[in-house]
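The values are calculated or read from the model by the stated rules, or taken from the named source; none is laboratory data. From a predicted model like this one, the values you see are computed outputs, not experimental measurements. Backbone-built Cβ (ideal geometry, glycine too); neighbour counts: all protein chains shown. In case anyone asks, the SASA skips ligands and DNA or RNA and just uses the protein heavy atoms, side chains included. Shrake-Rupley method; radii C 1.70, N 1.55, O 1.52, S 1.80 Å.
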Amino acid sequence: MASAPVWLEHPSSLNHDTGAHPEQPARMVAIDRELSARDWLGFERVTSPAVEAPVLEAVHPAEYVASIERFCANGGGHIDMDTVVSRGSFEAALHAAGGAVRMVDLLLDGDAPYVFSAHRPPGHHAEPARAMGFCLFDNIAVAARYALDVRRLERVMILDWDVHHGNGTNDIFHSSDQVLFVSIHQSPLYPGTGPAGDVGTGAGRGFTVNLPVGPGADDRVFCGLVDRVAVPLARAFAPQLVLISAGYDAHRDDPLAECELTEEGYAAMTRSMRSICRTLEAPLGCVLEGGYALGALASSVAATLAALSEPLPAEVDGFSDGAPAAVVGAALERLSEWWPELAV
Ligand SMILES: [Zn+2]
């Protein structure tokens, strides 16, 4: 496999000015400072292109894209109660989506073993024609759509470990059997979607996997669901590409949720996904979503990068031995309707 892992970034991420808001430019500054002190953990820094219009419009209607461009050009403001934009936000959003798409190319062309696409604004709450939850375009969905339509893949897996449900991604691929969407999220919590019973529609039934967890869920719960549910699902689905909606707001320090993850949990989940991807020979890329405790965000991103760049231990099953059997068992039993391989 080729060369160094790649860190995709663009300076426009700093020009998405949200004012006094948890999703702020200081997030990127904190990450930069941490990674810079650690020599980028072996990642090569690459500047992201802006997404090309047809690639973006495969998910978001042209009229919607134009409306966001216009709103930003007019100075911005509140799109809804949570989602704020400035004059620089449209360009930032184009590069956030463009970075995720470039990530797919780098991975599929064998130009990088692992890629982390790190931009603002995040994406997984954005619906095709509606900005919400700090998100304008669903970056990871645009990347997955591109992988299917342009790169001609047939099976893409998305694991969303942001503490909030990725309602945008959930809905965009709701009826598709080409994208296996697996989300671990706190419930109850914004945006209120993603119950365990939401399994997709039509041909997509069983390909939307929602794993809500209660407040207080810790490393053992998240890692247990990754090791005991997401990894077996990956083995059964055999994705040709695995993308992670990497939000860090399930961290115990995060002000927007009540989960209790630590850096070690993010590292363990990363190692688990890296290990199954190696077995399946599927490339693995991460797209930054949330994470609002600046120090925890920076150190957790660093933990993810370290877990991608350090030699993979023979035994990667760190926390999941302590996973609550009831949570994992219920998920496996429910999913075995579509995935008989998961039957306990
Ligand atoms: Zn979030």
- Filtering segment 59-90 down to residues that are open to solvent by 50 Å² or more (accessible area, probe 1.4 Å) and either among the hydroxyl-bearing types (Ser, Thr, Tyr) or in contact with a Cys (Cβ under 8 Å, 6 or more places away or on another chain) (or both) yields Arg87
- Query: In the set Pro128, Pro122, Pro113, which member is within 19 Å of Ser67 (Cα to Cα) and more than 16 Å from the ligand (Cβ to nearest atom)?
  - Reply: Pro128
- Message: Against the condition touching a Ser or Thr at 6+ places or on another chain (Cβ under 6 Å), in contact (Cβ under 8 Å) with a residue 40 or more places away in the chain, open to solvent by 40 Å² or more (accessible area, probe 1.4 Å) and closer than 30 Å to Glu263 by Cβ, how does Gly42 come out, does it pass?
- Response: yes
- Pair list, Cβ < 7 Å and 6+ apart or interchain, from segment 248-260 residues that are of a type in the set (Ser, Thr, Tyr) and assigned to a loop (DSSP other than H, G, I, E, B) to residues that are open to solvent by less than 10 Å² (accessible area, probe 1.4 Å) and within 9 Å of the ligand (Cβ to nearest atom): Tyr248/Gly290; Tyr248/Gly291
- What number of residues in segment 263-278 are in contact with a Ser or Thr (Cβ under 7 Å, 6 or more places away or on another chain) and open to solvent by 20 Å² or more (accessible area, probe 1.4 Å)? 1
- From Arg334, Arg235, grab the single residue that is open to solvent by 10 Å² or more (accessible area, probe 1.4 Å) and farther than 20 Å from Gln186 by Cα. Arg235
- Evaluate segment 110-120: report whether one residue or more is assigned to a strand (DSSP E or B) and surrounded by fewer than 24 Cβ atoms within 10 Å (Cβ to Cβ). no
- Query: Does segment 206-224 contain any residue that is in a strand (DSSP E or B), touching a strand residue (DSSP E or B) at 6+ places or on another chain (Cβ under 7 Å), open to solvent by 10 Å² or more (accessible area, probe 1.4 Å) and away from the ligand (no atom under 16 Å from the Cβ)?
  - Reply: yes
- From the set of residues in segment 146-204 that are surrounded by 24 or more Cβ atoms within 10 Å (Cβ to Cβ) and among the charged types (D, E, K, R), which is farthest from the ligand (Cβ to nearest atom)? Asp160
- Quickly run through segment 260-281 and pick out the residues that are of a type in the set (A, V, I, L, M, F, W, C) and within 16 Å of Ala303 (Cβ to Cβ). Leu261, Ala267, Ala268, Met269, Met273
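Quick one: would you say Arg102 is away from the ligand (no atom under 16 Å from the Cβ), among the basic types (Lys, Arg) and farther than 14 Å from Leu8 by Cα?
no
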